[in-house]
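Colleague: Below are the structure tokens for one structure; questions will follow.
Here, each number is a calculation from the coordinates, and none is a lab measurement. For clarity, every value in this text was computed on a predicted model and none was experimentally measured. Don't worry about glycine lacking a Cβ; one is built from the backbone with ideal geometry, like all the others, and counts go over all protein chains shown.
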Amino acid sequence: MRTFLKELWTSIVATVVLCVVVSGVYPVLIWGVGQVLFPHQANGSLVQNNGQIVGSELLAQGFSGARYFHPRPSDAGTGYDPLSSGGSNLGPTSQKLMDGIKANVAQYRQENGLPADAVVPVDAVTASGSGLDPHISLQNARLQIPRVAKERGLSEEAVRGEVTKATDNPLLGIGGDPGVNVLRLNLALDALTPKGALAEKKP
């Protein structure tokens, strides 16, 4: 009986200590380290424009105007809904998926003045698994440069420079391909040509 009570007490103490450490001390410690070393990332990587929060570097937003770079298509809710993150769940044999991709390809070629047989980047016509991928591929961005430059009255070289600035490279050069952050890029372009800034963003 004495052994049983001793073991029971040891278990209770161990459980309480682990609860305090794992559910209290550790989260507070990590939160504190994040606030000191990475405050921007720890607080949601929020993006401000003229003193107002306009989004997050981690979440895609819909841009439709010709003067803006367009993100990946989204199946999150009605599109780009951060409260309904998710994909279409359509498989590779789905006719609905194929029809949607074909329509997106045709629209992409038309918007960017590409020939009917031009190769279109996959990320330009398919949604990501979350529907909220904030990046597009470099190839996708480069194909949109002529349209955006023309609409904004900028040189393609100037727009290409902003694309480079908005490009995020994989951590330590491994784990994926470079991606262009669409929100940061469009805000940077609006700073160069502020007329109609963010007026053509989809709700």
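Colleague: What is the range 45-192 by shape, rounded, prolate or oblate, if you read a ≥ b ≥ c off the alpha carbon gyration tensor as root eigenvalues and call it rounded for a/c under 1.5, prolate for a/b larger than b/c, and oblate otherwise?
Modeller: oblate
Colleague: Please list the non-local residues whose amide H lies under 5 Å from the amide H of Gly131, H modeled 1.01 Å from N, same-chain partners needing a gap of 5 or more.
Modeller: Answer set, sorted by chain and number: Asp75, Gly86.
Colleague: Toward the positive end of the charge dipole of the chain, about the Cα centre and with charges on Cβ (Lys, Arg +1; Asp, Glu -1), which of Phe38, Leu58, Ala127 goes farthest?
Modeller: Going by the charge dipole, the pick is Phe38.
Colleague: Further question: Residue-wise, which Karplus ³J(HN,Hα) couplings in Hz belong to the range 168-183, taking 6.51 cos²θ - 1.76 cosθ + 1.60, θ = phi - 60°, and x for glycine or proline?
Modeller: Result, ordered by residue: 9, 8, x, 4, 6, x, 10, x, x, 9, x, x, 9, 6, 5, 5 Hz.
Colleague: Using the Karplus curve 6.51 cos²θ - 1.76 cosθ + 1.60 with θ = phi - 60°, what ³J(HN,Hα) values do you get for each residue of the range 88-100, in whole Hz, with x for Gly and Pro?
Modeller: Result, rounded to whole Hz: 7, 6, 8, x, x, 9, 6, 5, 4, 5, 4, 5, x.
Colleague: Pairs of Cα atoms under 8 Å, at least six residues apart: use those to get the relative contact order of the range 16-59, whole percent. Walk me through the intermediate numbers first.
Modeller: Numbers: 23 pairs, mean separation 9.0, N = 44.
Reported as a whole number, the value is 20 percent.
Colleague: So, one more: Quote the relative contact order of the chain in percent (integer), defining contacts as alpha-carbon pairs under 8 Å separated by 6+ residues.
Modeller: Values: 253 pairs, mean separation 42.7, N = 203.
That works out to 21 percent.
Colleague: Give, in whole angstrom and from largest to smallest, the semi-axes √(5λ) of the equivalent ellipsoid of the range 24-73, with λ running over the eigenvalues of the Cα gyration tensor. Don't skip to the answer; put the middle values down first.
Modeller: Details: eigenvalues 203, 31, 10 Å².
Listed largest to smallest, the semi-axes of the range 24-73 are 32, 12, 7 Å.
Colleague: Hey, another quick one. Mind listing the long-range amide H neighbours of Phe63? Cut-off is under 5 Å, sequence gap 5 or more, other chains count too, H placed in the peptide plane at 1.01 Å from N.
Modeller: HN-HN under 5 Å from Phe63: Lys202.
Colleague: Write down the Å³ per residue value for the convex hull defined by the alpha carbon atoms of the range 1-43. The partial results should precede the final answer.
Modeller: Values: hull volume 1.8 nm³, N = 43.
Hull volume over Cα atoms, normalised by residue count, gives 42 Å³.
Colleague: Another question about this same structure. Give me Glu111, Glu7, Glu57 ranked fewest to most by other Cβ atoms within 10 Å of their Cβ, as a rough exposure proxy. Write out the running numbers ahead of the final one.
Modeller: Working: Glu111 15, Glu7 10, Glu57 18.
Neighbour counts put them in this order, fewest first: Glu7, Glu111, Glu57.
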